[in-house]
Each structure stands twice: as C-alpha cells, then as structure tokens.
Amino acid sequence: MTDYMIDKTAIRQQMRKRRSSLPAFRQHLASFALLRRILLHVSAIHRADRISFYLAQDGEIDLLPLMLHCFRQGRRCFLPVLGTMDDQKLNFAEWVPGMAMVKNRFGIPEPSVHTHQLSSAADMNLVFMPLVAFDDCGNRLGMGGGYYDRTLAAYCTPEIKHQNRFQHNGRCPRLVATAHDIQHVPELTRESWDVIPDITITPGRVIRPRCFSISF
Ligand SMILES: Nc1ncnc2c1ncn2[C@@H]1O[C@H](COP(=O)(O)OP(=O)(O)OP(=O)(O)O)[C@@H](O)[C@H]1O
Ligand SMILES: [Mg+2]
C-alpha cells in the first residue's frame, strides 16, 4: 500500500467516526440547513425532473427532507441500487413514499423493483453523492467502493464534459456532493479515476472545483 492509501484509510476511519458521533438534533438541524442551501445555490434543482438522492447511512447528512420537498414539487425522485458483484456500478430506481424497500448487501435499503424498471446515470438530470471527506478544491473521498466513480466514468470525466460543453443534453447529470461541515479536510489527493462533483455543498460551505470556495 502507498502512503496515500494508508492515509485514505485513516481519513475514512476518522471522518466516519466524526459524522456518526453527531447528536440527533445536530443531524436534524444540518439536514434542514442543507435543504435551504441547496434550494438557494443549486439552480439545476429547480429544473431537474429526474433526481437521484440517497438514504443517509453511517452519519451521512440526511437528504430525506429535500427528497420529500422535491417529490411534493412533482419531481421524479430516484435512489441508487447496487449492481452485481461483477460490475460494481449503481443503477437508479424511482422512489415514491411508502413503497416496498429491500436491503442490499451492505444493509442499505433500496426500492424493491424489477431490473427492467432501473434507470442509468445518464437518465438522471442531477445526482446527489454522499461522501466521507472533501477539500477546498472539490475533491471527494467516498466510502472506498468506487461505486459513484465507476458508474459515472462513462459520462462525466473532464474530457467528456469538455466535449459536451455546447450540448444541453449531454449525458452527464449535474453532480452535487453533500456533507456535514466537519467532513472538511485540508487536502485530498485526486486519483485518476475520481469523478469530481460540479459542486460540494454543506450547511456552511459551497465549493465549486478549481479551488473556488465560499464560506458562510
Ligand atoms: N472507472 C473505474 N473503473 C474501474 N475501477 C474503478 C473505477 N473508478 C474507481 N475504481 C476503483 O474503485 C476503488 C475505490 O475507488 P475510490 O477510493 O476513489 O472510492 P470512493 O470514491 O471513495 O468510493 P465511492 O465512489 O463508492 O463513494 C479504486 O481501487 C479504483 O481502482
Ligand atoms: Mg473516488
């Protein structure tokens, strides 16, 4: 293992512990603060009609209030569904309140749907990505499975985004990484396969790549 891989493991351990130890009332306040921040700063959410959320695990910031808000606004809301062990990618299943859910191999609830009801990342207008740590340049450290990176690799590398810059129907969804402020670290190494979010947003920060950051 390289030093950075050891670092990544240590950062993940530390940050997961940190976010899991947030008391319930802080989690709740953070979730509503983030909802307001997203409605203000992520303009794409007002025109996206297919949006992928996630169900918070392990102390991740909870997007459920935002998902319910979007659902009531008539947006189609989706949740990630794990692919097979062979392809290790995510598909997306439409969620409606009260629908049947089933736990995946990591114990995370997913909509219980048939394979033919699954959509791909290219069908989404906006994808919310949870993370374990982020830095001021918009680098994202996830749980380490590489699921978001692998899923988005075909649509969202900087080269593909550059080629599609004049197309309004490019197939890379708007990528919005969400986190608690305490998940900030000074610097993360960007791996060649990392897909960089268009925006990283916390209750207290909005970070767009190219190292431009606004603090509140
Ligand atoms: N496009 C890809 N093709 C094949 N393997 C990939 C791809 N992207 C990432 N991986 C593999 O996934 C592993 C984990 O990647 P990484 O550490 O970036 O995960 P992560 O971004 O923290 O996880 P996640 O995206 O699930 O939150 C790496 O070892 C990498 O080799
Ligand atoms: Mg990654």
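The values are calculated or read from the model by the stated rules, or taken from the named source; none is laboratory data. Keep in mind that this is a model prediction, so the values were computed, not measured. Because the Cβ atoms are built from the backbone with ideal geometry, glycine has one as well, and the counts that use them run over all protein chains shown. The accessibility values were calculated without ligands, DNA or RNA, using every heavy atom of the protein model including side chains. Shrake-Rupley method; radii C 1.70, N 1.55, O 1.52, S 1.80 Å.
Using Cβ point charges alone (K and R +1, D and E -1), the dipole size of the chain about the Cα centre works out to roughly 560 debye. Remark on ARG205: its backbone amide H falls under 5 Å from none of the residues 5 or more positions apart or on other chains, H modelled at 1.01 Å from N.
The chymotrypsin sites (Phe, Trp or Tyr not before Pro) of the range 104-198 that meet both conditions, a loop assignment by DSSP and at most 15 other Cβ atoms within 10 Å of the site Cβ, are PHE106, PHE166, TRP193. Which log10 I(q)/I(0) values does the range 30-132 give at q = 0.10, 0.13, 0.15, 0.17 Å⁻¹ under the Debye formula, counting every alpha carbon as one identical point scatterer? Rounded to two decimals, the profile gives -0.27, -0.45, -0.61, -0.79. With viscosity 1.002 mPa s and temperature 20 °C, the Kirkwood radius over alpha carbon pairs of the range 3-209 converts through Stokes-Einstein to a diffusion coefficient of 123 µm²/s.
Packing-based ranking of 109-116, 33-40 yields 33-40, 109-116, ordered from highest to lowest mean Cβ neighbour count within 10 Å. Accessible surface calculations at 1.4 Å, restricted to protein heavy atoms, place the range 3-209 at 51 Å² per residue.
Annotation: the antiparallel percentage among DSSP beta bridges lying fully within the range 1-146 is about 70.
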